[in-house]
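Contents: one structure, followed by commentary.
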Amino acid sequence: MRDFDSLIPDWFKAFVQVGNDLIWSQYLIGLLLTAGIFFTISSKFVQIRWIPEMFRAIKEKPETLDSGEKGISSFQAFAISAGSRVGTGNIAGVATAIVLGGPGAVFWMWIIAIVGAASAFIEATLAQVYKVPDKDGGFRGGPAYYITKGLNQKWLGVVFAILITVTFAFVFNTVQSNTIAESLQTQYNVSPVITGAILAVITAVIIFGGVRSIANLSSAIVPFMAIIYVAMVLVILLMNFDQIIPMISTIIKSAFGIDQAAGGAVGFAVLQGVKRGLFSNEAGMGSAPNAAATAAVSHPVKQGLIQALGVFFDTILVCTATAIMILLYSGLEFGEGAVQGVAVTQSALNEHLGNVGGIFLTVAITLFAFSSVIGNYYYGQSNMEFLTKSKAALFVFRCLVVVLVFIGAVVKTETVWSTADVFMGLMAIVNIVAIIALSNVALSVMRDYQRQRQAGIRPIFRPEELEINLFGIECWGNKAQNQKDTTEKMNQ
């Protein structure tokens with residue numbers, strides 16, 4: 001029951017088609033990969049050599065805020081971003097990538113995760129450096145803030161804030177509700193209208209609870225559902241252990257065009273792998289920094305490391321788990337005419353585990369996707385507060401989020417995914433350019449952290465001790481001097 005799709009204007013559909021053709025060319029893919037490689041080399045493979053440090057940082061307790069309260073912990077900020085990352089991209093997106101790009105798309109998802117983790121480290125570190133106090137006594141930040149404060153380009157910060165608000169709070173949330181509705185309709189024949197109405201009501205109740213309720217909900221749901229999901233895949237692997245090596249061989253051969261029979265030309269495998277990988281792990285897109293900025297940590301690098309870990313958690317662990325299930329499915333077909341999305345994963349699970357598998361996935365996709373709805377909303381709210389302080393505007397924004405959660409459930413799957421691709425690409429372009437321009441700041445902060453760790457002391461960020469001069473800092477070091485430096489720089 002997706003008749004609502006006919007209400008979408010033809011001009012909007014044409015915009016989405018043209019946008020996809022222009023944005024998702026070899027140029028954007030080249031930009032993403034080049035940026036990831038640049039950050040990997042310039043940081044001396046920080047996403048690999050500091051993996052132990054990532055696990056050390058995620059266990060730290062939050063710092064005490066000026067109000068005397070404990071801030072949001074590193075783990076809670078990680079859970080907010082993971083709540084947005086781990087969703088339909090891991091289940092429906094992986095399935096679509098494999099169907100359209102062949103098994104080789106999985107390999108390119110791994111590549112974008114490995115190099116993208118360096119981009120995630122840079123953008124999250126910058127989000128911490130340039131974060132600002134919020135009205136609730138905590139912090140907020142992200143690309144709109146570091147573009148404005150670090151690059152002194154307010155207009156570009158506004159452009160990004162608008163893009164992320166539309167992309168996550170509106171467009172990506174339609175993808176999440178669409179996948180939940182499709183899963184419930186496939187498994188239980190539940191009308192998308194009913195699903196959309198229920199999701200809209202639950203979303204409306206939660207989004208008025210504030211960031212702390214979002215953090216608490218995400219930190220409770222995400223680890224639990226991820227552990228169960230991966231455990232289920234391990235069971236499937238044990239049942240098919242003799243096919244694991246041939247399956248990995250197929251992925252690699254298909255990635256380089258050695259096994260064309262596996263479906264998908266090399267170029268299309270790269271395209272689908274990068275697109276769906278970026279949608280899933282968000283590395284370099286500029287979304288996760290909004291969550292990273294909320295953490296109360298003693299040094300920005302700690303949250304940069306945790307967000308890099310989040311990319312590995314999302315793609316190397318959860319996306320690979322889904323890919324394994326799908327590639328072991330005997331009924332898998334390739335090409336644009338084949339079944340795509342969550343229905344593929346659902347069929348694979350039904351074959352491996354019987355009806356229990358389909359039922360489990362329905363529950364899992366609902367939890368994954370709804371946690372993403374909440375995480376996506378927070379990104380939008382953070383940037384709405386950057387754009388305006390108006391309570392009326394925030395109220396209208398929240399109402400639109402609820403309406404679009406409903407609309408997403410009742411329109412066609414192809415419409416919401418294509419729209420998401422366009423806005424995701426626009427966001428990535430603006431953010432990648434910004435973090436390349438500010439990379440000297442992030443790398444200087446990284447070296448400061450490393451110096452303190454090597455000296456055997458607990459890293460504490462003091463901007464005045466860096467090898468470069470910073471302006472636009474509000475939450476670190478001598479705040480009075482920071483504000484004076486910022487004012488003088490802005491007046492130049």
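If you go through the stretch 426-462 and keep only what is surrounded by fewer than 22 Cβ atoms within 10 Å (Cβ to Cβ) and more than 17 Å from Ser43 (Cα to Cα), you end up with Leu426, Ile429, Val430, Val433, Ala455, Gly456, Ile457, Arg458, Pro459, Ile460, Arg462. Here is the figure for the stretch 91-111: residues that are within 17 Å of the chain's Cα centre (by Cα) and either over 21 Å from Val233 (Cβ atoms) or surrounded by fewer than 24 Cβ atoms within 10 Å (Cβ to Cβ) (or both) total 2. In the stretch 16-33, the residue that is modelled with the lowest pLDDT out of those that are open to solvent by 90 Å² or more (accessible area, probe 1.4 Å) and either among the polar types (S, T, N, Q) or under 14 Å from Ala442 (Cα atoms) (or both) is Gln26. Tell me yes or no: at least one residue of the stretch 318-328 is among the hydroxyl-bearing types (Ser, Thr, Tyr) and modelled with pLDDT of 80 or more. Looking for residues that are among the hydroxyl-bearing types (Ser, Thr, Tyr) and modelled with pLDDT of 80 or more, one finds at least one in the stretch 318-328, hence yes. Count of the stretch 330-375 residues, restricted to those that are open to solvent by 50 Å² or more (accessible area, probe 1.4 Å), closer than 23 Å to Met109 by Cα and over 22 Å from the mean Cα position of the chain (by Cα), is 6. For Phe139, the criteria (1) open to solvent by less than 10 Å² (accessible area, probe 1.4 Å); (2) under 22 Å from Met54 (Cα atoms) hold in every case but one, which is (1). Of all the criteria given as (1) among the small types (Gly, Ala, Ser); (2) modelled with pLDDT of 80 or more; (3) open to solvent by 20 Å² or more (accessible area, probe 1.4 Å), the one not satisfied by Ala308 is (3). Taken over the stretch 193-208, the criterion of being open to solvent by 40 Å² or more (accessible area, probe 1.4 Å) and more than 23 Å from the chain's Cα centre (by Cα) is satisfied by Val193, Ile194, Ala197, Ile198, Val201, Val205. The number of residues in the stretch 431-461 that are under 19 Å from Ala118 (Cβ atoms), in contact (Cβ under 8 Å) with a residue 40 or more places away in the chain and among the hydrophobic types (A, V, I, L, M, F, W, C) comes to 11.
The set of residues from the stretch 112-136 being crowded, with 24+ Cβ neighbours inside 10 Å and either of a type in the set (Ser, Thr, Tyr) or touching a strand residue (DSSP E or B) at 6+ places or on another chain (Cβ under 6 Å) (or both) comprises Ser119, Thr125, Tyr130, Lys131. Please go through the stretch 134-189 and pick out each residue that is charged (D, E, K, R), more than 19 Å from the chain's Cα centre (by Cα) and not in a helix (DSSP H, G or I). If the condition is that a residue be charged (D, E, K, R), more than 19 Å from the chain's Cα centre (by Cα) and not in a helix (DSSP H, G or I), then Asp134, Lys135, Asp136 are the ones that fit.
Considering the stretch 314-423, the qualifying helices (runs of 4 or more DSSP H), each wholly inside and each with 3 or more residues that are out of contact with any helix residue (DSSP H, G or I) (no Cβ under 8 Å at 6 or more places or on another chain), run over 355-387, 391-410.
The values are calculated or read from the model by the stated rules, or taken from the named source; none is laboratory data. As the structure is a computational prediction, the values presented were derived from the model and not from experiment. Note that each Cβ is placed from the backbone with ideal geometry, even for glycine, and that neighbours are counted across all protein chains shown. Ligands, DNA and RNA are stripped out before the accessible areas are found, and what is left, the full protein with its side chains, is counted by its heavy atoms. Shrake-Rupley method; radii C 1.70, N 1.55, O 1.52, S 1.80 Å.
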